[in-house]
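Heads up, the thing below is written out as structure tokens.
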């Protein structure tokens, strides 16, 4: 049961972290970055994937470490909530079924 809950909150956290990060908020972006982002979003999905992968490869280890630390802090908090009974776990099979369903609906 614990494994399924961990899978679910890891997947949920990544989505929440990436969608709520301040740097994703276009209104706070410098104008040039905002224009570049808008132009990139007009690319077809397969080209956006290539662009994203290319950009991710240029990120230095220090930035990766900061993101990893933020993720670990949130994961530790969520695990503590689980252990303290503040949240309920679900079986791994159910977590994977939900993830597969979400991925299927994206296509």
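Each value in this text was obtained by applying a stated rule to the coordinates, not by laboratory testing. Quick caveat: nothing in here was measured; it's all calculated off a predicted structure. A quick note on method: Cβ atoms are made from the backbone with ideal geometry, for glycine too, and the neighbour counts reach across all protein chains shown.
What list do you get for 78, 98 if you sort them by fewest beta carbons within 10 Å?
Numbers: 78 19, 98 16.
Fewest-to-most ranking of 78, 98: 98, 78.
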Listed with the fewest Cβ neighbours within 10 Å leading, 46, 64 appear as 46, 64
Please find the FRET efficiency linking residue 92 to residue 70, where r is the Cβ-Cβ separation and R0 is fixed at 30 Å, and quote it to the nearest 0.05. 0.75
Which length gain, in nm to one decimal place, applies between residue 51 and residue 63 when the Cα-Cα distance is subtracted from 0.36 nm times their residue separation? 2.5 nm
